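The values are calculated or read from the model by the stated rules, or taken from the named source; none is laboratory data. Here the structure is a predicted model, which is why all the values come from computation and not from measurement. Cβ atoms come from the backbone with ideal geometry, glycine included; neighbour counts cover every protein chain shown. Side chains are part of the model used for accessible areas, which takes the heavy atoms of the whole protein and leaves out ligands, DNA and RNA. Shrake-Rupley method; radii C 1.70, N 1.55, O 1.52, S 1.80 Å.
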Amino acid sequence: DLNGTLRVLGTALRPVVFTSLADDSAGGDTNGDGSASGANAGDWAGVSFHAGATASSVSYAEFRWAGDWSSRPAVQVDGGAPSLNHVAIRDALARGLTVSGTAGGTFSSLTVQRTGGTGIELTGSLPTTLTDVAIDGTGLALGIGGWGDSGLRATGSAAVIQNLQVRHVPGWAL
């Protein structure tokens with residue numbers, strides 16, 4: 001949970017990876033059990049940006065194997081307006097990115113893949129901009145009005161969405 005400023009500065013060749021201890025593909029065998037375990041969706045809670053995290057920025061990073069069914073997405077923004085650029089959210093248990101409450105933000109070159117439910121949910125009261133976004137392998141492709149799991153759900157949010165690609169999703173909910 002972030003109430004201060006987080007600055008993540010990865011590169012295209014060396015992104016910063018936030019992941020499960022059981023994910024041996026990033027950083028090696030960090031839990032020391034060899035190949036006895038593997039990463040699973042929901043292995044860790046994820047990252048939450050709160051009101052004090054307004055000046056936060058994340059560039060060239062991946063969030064893997066996070067979230068939980070009790071409403072925690074892999075990346076939660078419920079206060080402020082951070083900037084995420086060249087970020088991938090993969091294999092979240094339920095939701096990938098949620099912007100809610102008195103929150104907004106700028107999200108560019110964002111990829112959300114293989115979530116158990118909604119890929120991106122926008123219900124925050126501050127302006128939110130999504131540019132060059134790819135949603136792949138999530139719940140339904142598009143939900144407007146707060147119904148069901150979807151690739152992108154926007155309700156009551158002042159959102160600008162440019163260049164959205166949606167692939168490999170089971171259907172549409174409007």
Original post:
If you scan the stretch 46-78, which residues turn out to be modelled with pLDDT under 95 and basic (Lys, Arg)?
Top reply: ARG72
Original post:
Do the conditions hold for GLN113, that is, is it surrounded by fewer than 20 Cβ atoms within 10 Å (Cβ to Cβ) and among the polar types (S, T, N, Q)?
Top reply: yes
Subject >> Pairs, first open to solvent by less than 30 Å² (accessible area, probe 1.4 Å) in the stretch 91-106, second polar (S, T, N, Q) and part of a strand (DSSP E or B), C-beta under 6 Å, six or more apart >> reply: THR98/GLN76; VAL99/THR128; GLY104/THR128; GLY105/THR128
Original post:
Which residues, taken from the stretch 65-79, are under 22 Å from GLY4 (Cα atoms) and open to solvent by 10 Å² or more (accessible area, probe 1.4 Å)?
Top reply: ARG72, GLN76, ASP78
Original post:
Which of the residues that make up the stretch 79-99 are at pLDDT below 90 and either hydroxyl-bearing (Ser, Thr, Tyr) or not in a strand (DSSP E or B) (or both)?
Top reply: ALA94, ARG95
**OP:** For the stretch 97-111, indicate whether the set of residues that are more than 19 Å from ARG153 (Cβ to Cβ) and within 10 Å of the chain's Cα centre (by Cα) is non-empty.
**Re:** no
Original post:
Can you name the residue in the stretch 126-156 that is part of a loop (DSSP other than H, G, I, E, B) and at pLDDT 85 or above and, of all such residues, is farthest from HIS50 (Cα to Cα)?
Top reply: PRO127
Subject >> Subset tally (residues that are assigned to a strand (DSSP E or B) and buried (at least 17 other Cβ atoms within 10 Å of the Cβ)) for the stretch 18-64 >> reply: 12
